[in-house]
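The values are calculated or read from the model by the stated rules, or taken from the named source; none is laboratory data. Just so it is clear, the model here is predicted, and its values are computed rather than measured. Note: ideal-geometry Cβ built from the backbone for every residue, glycine included; neighbour counts use all protein chains shown.
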Amino acid sequence: MGEKRVSDLTIEEFKTLVYDLVDERLQHWQPTQKPVKKRSLKEILDSIDRHRWTPPPGAKSTWEMLREDRDS
């Protein structure tokens, strides 16, 4: 096709260029080889419990913060 600016290509030439690029990328693409560890339901729930944030005693509730924001 030679060296042309993209703006000088016809629609068909542009489509051909895109299709060729996609085909080339797909030929060299390899899926991730990293295995995914399957976790049990118990492990997932334990993880949720460990990462859960609990507000300190006496902290305002979401409802109270929304009400304050609306009233101001």
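On the basis of being on the phi < 0 side of the Ramachandran plot, of a type in the set (Asp, Glu) and assigned to a loop (DSSP other than H, G, I, E, B), does GLU3 make the cut? Yes, satisfied.
Among the residues of the range 37-60, are any in contact (Cβ under 8 Å) with a residue 12 or more places away in the chain and surrounded by 10 or more Cβ atoms within 10 Å (Cβ to Cβ)?
Filtering the range 37-60 for residues in contact (Cβ under 8 Å) with a residue 12 or more places away in the chain gives none.
No, because not a single residue in the range 37-60 is in contact (Cβ under 8 Å) with a residue 12 or more places away in the chain and surrounded by 10 or more Cβ atoms within 10 Å (Cβ to Cβ).
Every listed requirement among (1) among the β-branched types (Val, Ile, Thr); (2) at pLDDT 95 or above; (3) in a loop (DSSP other than H, G, I, E, B) is met by THR54 save one, (2).
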